[in-house]
Amino acid sequence: MGDMTIRRTARKGRHMQFDFETMLDRVGKDAMAVESLGMPGGFAPGAPKEGYDAIPMWVADMNFPTAPSVVKAIIERAQHPAFGYFMPSKAYYDAIINWQKTRHGVEGLEPHHIGYQNGVLGGLASACGAFTAPGDKVLVHSPTYIGFTNAINRCGRQPECSPLVRDEKGVWRMDYDDMSQRIEREKIGLAVMCSPYNPCGRVWEKWELERAAEVFAEHDVVVVADEIWSDLVLGDAKHMPFHTVSDDARMRTITLNAPSKTFNLAGLIGSYDIVFNPRLHERLYAQGNSSYYNDLNVLSMHALIGGYSPEGAAWVDELTHVLARNAALACDFIDATPGLEAARPQGTYMIFVDCTEWCAKRGRTIDELEQALWDVGVTVQDGRMFHGPCHIRMNVALPTHKVKEALERMADVLA
Ligand SMILES: Cc1ncc(COP(=O)(O)O)c(C=O)c1O
């Protein structure tokens, strides 16, 4: 696999090789996005009223088929009819090393730096177990991805939120003084850096990562860098892995990544970590291994190899082009709708929409607004689970014509 071949190739207006325009029918095909709508007691949106189909715009998976190279790799492996005990192959490690190098500029990565994690959140749970004690606080930013809140709470630790702040241009930024004060006051030893950022869509710039790294170095904090969204960067933004920011960052960071957001493989489970510091590596592993639930699945391994390939790279380049177009459409709509407000995402396929003004002007609650949207099949997610008091989170990983249809239905509800 040549390095050159998996660099970014998509250009505006380029002929599309892959199908991002057919809406998948996911009903009956193991899809929480459509099958859990309206289930009582859950966190899913309500089901649509009769006469409307559901347009899935909530849980973080995509309404696109995965890359053909992923399906091909799984089928080829499945055709060999034996699935006994196995070891992660050289092709698996090579695929990760090559992908990280060509897509993200990571140098010096070797197989012994890479390990399996049973989900990125599984990796976070292991890090909590390895580097904190029960009751300890773990630094996160807010708005916060609900998976972090749940994973940290379930381990008997507590999330300590350092609020992101909007600058004069409306860009979400970290507050380094606030981070520093909280780390000191709460005696925090572990922090989560979500990069790119779910749900606010930031792709952190180099100086921002450097400032954060300085804070963590000053207080000797171990960092979990969740870079699961790193391949889904829109337009000109550029993802920089946190561990590449400085020598110090390289030695205090546990990077968690996966092909699952990139290639729509969340149901396969197959995340990995990158840890350069042997001491951190050992402690993380002692924790992960103690559960006996932290082993790679052979089909997930082949899925990753199929994704992290030149064909997979070409698919991602087209995908990000479509995601950028969809995000721009949705943000144009939000900008044109009085009372709605959102920062344009630089990465991910999520838009975090502030509905405070709209609700205040109309005398409606966020529950009423969400219900009205869900009734017409626009299944956006309640922002309160991400600490957005009057917000919705909108997933735009759908065929563009479906995003347009959703925006039309939204316009009717909001009018
Ligand atoms: C920032 C972030 N981390 C982790 C996850 C979940 O990762 P996994 O399914 O590998 O546990 C998600 C899913 O939405 C996410 O947005």
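Residues that are more than 13 Å from the ligand (Cβ to nearest atom), surrounded by fewer than 20 Cβ atoms within 10 Å (Cβ to Cβ) and free of Cβ contacts under 8 Å to residues at least 12 places away in the same chain do not occur anywhere in the range 293-303. A search for C-beta distances below 6 Å between a residue of the range 23-43 that is among the β-branched types (V, I, T) and any residue that is in a loop (DSSP other than H, G, I, E, B), counting only pairs 6+ apart in sequence or on different chains, returns V34/R26; V34/V27; V34/A54.
Output the number of residues of the range 251-267 satisfying the condition of being surrounded by fewer than 19 Cβ atoms within 10 Å (Cβ to Cβ) and away from the ligand (no atom under 16 Å from the Cβ). Total satisfying the criteria: 1. If the condition is being assigned to a strand (DSSP E or B) and either within 16 Å of the ligand (Cβ to nearest atom) or without any contact (Cβ under 8 Å) to a residue 12 or more places away in the chain (or both), then the range 273-285 contributes D273, I274. Only residues that are away from the ligand (no atom under 16 Å from the Cβ) and not in a loop (DSSP other than H, G, I, E, B): list them for the range 51-63, please. The one that is away from the ligand (no atom under 16 Å from the Cβ) and not in a loop (DSSP other than H, G, I, E, B): I55.
Restricting attention to the range 369-398, the residues that are farther than 13 Å from D61 by Cα, in contact with a Phe, Trp or Tyr (Cβ under 8 Å, 6 or more places away or on another chain) and in a loop (DSSP other than H, G, I, E, B) total 3.
Residue-wise test of (1) more than 23 Å from F86 (Cβ to Cβ); (2) over 21 Å from the mean Cα position of the chain (by Cα); (3) at pLDDT 95 or above.
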site	(1), (2), (3)
F276	yes, yes, yes
N289	no, yes, no
Y292	no, yes, no
M301	no, no, yes
G307	no, no, yes
G312	no, no, yes
W315	yes, no, yes
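Within the range 346-362, identify whether any single residue is at positive phi and surrounded by 21 or more Cβ atoms within 10 Å (Cβ to Cβ), and answer yes or no. Among the residues of the range 346-362, at least one is at positive phi and surrounded by 21 or more Cβ atoms within 10 Å (Cβ to Cβ), which makes the answer yes.
Residues of the range 222-238 that are crowded, with 20+ Cβ neighbours inside 10 Å and part of a loop (DSSP other than H, G, I, E, B): E227, I228, W229, S230, D231, L232, L234. In the range 152-169 there is at least one residue that is polar (S, T, N, Q), touching a Lys or Arg at 6+ places or on another chain (Cβ under 7 Å), closer than 24 Å to L280 by Cα and assigned by TED's automatic domain parsing to the domain that holds R283. Considering only residues that are part of a loop (DSSP other than H, G, I, E, B) and within 14 Å of the ligand (Cβ to nearest atom), look in the range 123-154 and name the one that is farthest from the chain's Cα centre (by Cα). The extreme case among them is P143. The number of residues in the range 172-192 being touching a residue at least 60 places away in the same chain (Cβ under 8 Å) and in a loop (DSSP other than H, G, I, E, B) comes to 0.
When A213, A191, A217, A225 are checked against the criterion of being under 18 Å from the mean Cα position of the chain (by Cα), more than 12 Å from the ligand (Cβ to nearest atom) and not assigned by TED's automatic domain parsing to the domain that holds A324, a single residue qualifies: A191. Any chance the range 64-87 includes a residue that's under 24 Å from E282 (Cα atoms), more than 13 Å from the ligand (Cβ to nearest atom) and either buried (at least 19 other Cβ atoms within 10 Å of the Cβ) or touching a residue at least 40 places away in the same chain (Cβ under 8 Å) (or both)? Checking the range 64-87: at least one residue is under 24 Å from E282 (Cα atoms), more than 13 Å from the ligand (Cβ to nearest atom) and either buried (at least 19 other Cβ atoms within 10 Å of the Cβ) or touching a residue at least 40 places away in the same chain (Cβ under 8 Å) (or both). Selection of first residues in the range 117-132 that are more than 17 Å from P88 (Cβ to Cβ) and of second residues that are within 8 Å of the ligand (Cβ to nearest atom) and among the β-branched types (V, I, T), restricted to Cβ pairs under 8 Å at least 6 apart or on distinct chains, gives the following pairs, ordered by first then second residue: V120/I228.
So, of the residues in the range 106-121 that are of a type in the set (G, A, S) and either outside the structural domain of K238 (by TED's automatic domain parsing) or surrounded by 13 or more Cβ atoms within 10 Å (Cβ to Cβ) (or both), which turns out to be nearest to the ligand (Cβ to nearest atom)?
G119
Being in contact with a Pro (Cβ under 9 Å, 6 or more places away or on another chain), within 16 Å of the ligand (Cβ to nearest atom) and of a type in the set (G, A, S) holds for only one residue in G306, G288, G270, and it is G270. If the condition is being at negative phi and assigned to a loop (DSSP other than H, G, I, E, B), then the range 327-345 contributes T337, P338, L340, A342, A343, R344, P345.
The values are calculated or read from the model by the stated rules, or taken from the named source; none is laboratory data. This structure is a prediction, so every number in the text was calculated from the model and none was measured. With ideal geometry, Cβ positions are generated from the backbone for all residues, glycine too; neighbour counts draw on all protein chains shown.
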